[in-house]
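Visitor: Before I ask anything, let me first share the structure, which is written out below as structure tokens.
Just so it is clear, none of the values below were taken in a lab; they were calculated from the coordinates. Given the structure is predicted, the values throughout are model-derived calculations rather than measurements. Using ideal geometry, Cβ is built from the backbone for each residue, glycine included, and neighbour counts are taken over all protein chains shown.
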Amino acid sequence: MKYKNILFISHSPSLNTIKLSNHICMKAKRLNPNISLICLNPFETNVNSFNSIDGVIISTTENFGYMAGATKDFFDRCYEDLREITAGLPVFYYVRAGLDGQGSQIAINKILKGLKWKQVLPPLILKGKWQNNFIQKVEDQSLAFVNGIEMGIY
Ligand SMILES: Cc1cc2nc3c(=O)[nH]c(=O)nc-3n(C[C@H](O)[C@H](O)[C@H](O)COP(=O)(O)O)c2cc1C
């Protein structure tokens with residue numbers, strides 16, 4: 001079976017968001033040995049990070065009614081080059097938003113459409129006061145994504 005590579009671009013500026021991203025990085029590797037999960041923050045991510053990548057998970061916080069500046073910086077730097085070489089790439093994303101999350105969702109959806117990436121699962125908007133079940137929600141969606149990539153169903 002061919003090994004599949006998934007890129008996890010995670011902006012985690014707080015203890016809760018670090019908890020979420022660490023959980024995904026550890027769980028995905030442990031539960032699916034045929035997957036390699038490459039965990040980077042948006043500033044570390046560039047066009048070369050997409051070499052041999054079969055799927056992408058993005059996480060961002062919502063700040064000032066929009067995706068985090070770090071996540072926007074990644075799209076600003078890489079959008080044009082990625083548009084040429086990554087059409088059809090499966091993607092799943094989640095937003096941690098203290099209040100709302102809608103501004104991030106609208107903006108990210110537009111960008112993913114422009115990139116012609118395939119949103120194979122609906123985004124998770126983890127909004128409001130922190131709840132411990134956010135971890136389980138992110139785990140469930142991320143594992144569904146990872147397993148779908150491995151089985152080649154997307
Ligand atoms: C400068 C700043 C701006 C923020 N703006 C928003 C916002 O516009 N909408 C929102 O839902 N949450 C906003 N938040 C809350 C963050 O989304 C939240 O703190 C972040 O997702 C981390 O979550 P945590 O507190 O559970 O660790 C903001 C936070 C900061 C620090």
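Visitor: Excluding residues on the same chain fewer than 8 positions from Lys110, give the aspartates and glutamates whose Cα lies under 20 Å from its Cα.
Guide: Correct list for Lys110: Glu62, Asp73, Asp76, Glu80, Asp81, Glu84, Asp100.
Visitor: Tell me the net charge near Val138. Cut-off is 12 Å between Cβ atoms, Val138 excluded, with +1 for each Lys or Arg and -1 for each Asp or Glu.
Guide: Working: positive: Lys19, Lys27, Arg96, Lys137; negative: Glu139, Asp140.
Once positives and negatives cancel, what remains is +2.
Visitor: Could you run the Karplus curve 6.51 cos²θ - 1.76 cosθ + 1.60 with θ = phi - 60° over the range 5-21 and give me ³J(HN,Hα) per residue in whole Hz, x for Gly and Pro?
Guide: So the Karplus estimates, Gly and Pro as x, are 10, 10, 9, 10, 9, 10, 9, 10, x, 9, 4, 5, 6, 5, 4, 5, 6 Hz.
Visitor: Same structure, new question: Going by Cα centres, the range 91-109 and the range 35-87 are how many Å apart?
Guide: 14
Visitor: Further question: To the nearest 500 deg cm²/dmol, what mean residue ellipticity at 222 nm is calculated for the chain from DSSP H runs of n ≥ 4 alone, each contributing -39,500 (n - 2.57), summed and divided by the residues? Kindly include the intermediate steps, with their values, before the conclusion.
Guide: On the way: 4 runs with 67 residues, N = 154.
The helix contribution divided over the chain gives -14500 deg cm²/dmol.
Visitor: How about the range 1-61: which chymotrypsin sites (Phe, Trp or Tyr not before Pro) there lie in a loop by DSSP and see at most 14 other Cβ atoms within 10 Å?
Guide: Numbers: sites: Tyr3, Phe8, Phe43, Phe50; in loops: Tyr3.
Those satisfying the criteria are Tyr3.
Visitor: Rounded to the nearest angstrom and ordered from largest down, what semi-axes does the equivalent ellipsoid of the range 94-154 get from its C-alpha gyration tensor (root of 5λ)?
Guide: Values: eigenvalues 96, 68, 5 Å².
Semi-axis lengths for the range 94-154 are 22, 18, 5 Å.
Visitor: Could I ask something else about it? Checking a compactness column here: for the chain, what do you get for Rg(Cα) / (2.2 N^0.38 Å), N being the number of residues? List each step's numbers first, then the result.
Guide: Numbers: Rg = 14.3 Å, N = 154, 2.2 N^0.38 = 14.9 Å.
Against the compact-globule rule of thumb, the ratio is 0.96.
Visitor: Just tell me which aspartates and glutamates come within less than 13 Å, Cα to Cα, of Lys118; anything on the same chain fewer than 8 places away is out.
Guide: Answer for Lys118, where 13 Å is the Cα cut-off: Asp54, listed by chain and number.
Visitor: Tally Lys and Arg at +1 and Asp and Glu at -1 over the other residues with C-beta under 10 Å from the C-beta of Asn34: what net charge comes out? Please report the intermediate quantities before stating the final value.
Guide: Numbers: positive: Lys2, Lys4; negative: Glu150.
Residues near Asn34 contribute +1 overall.
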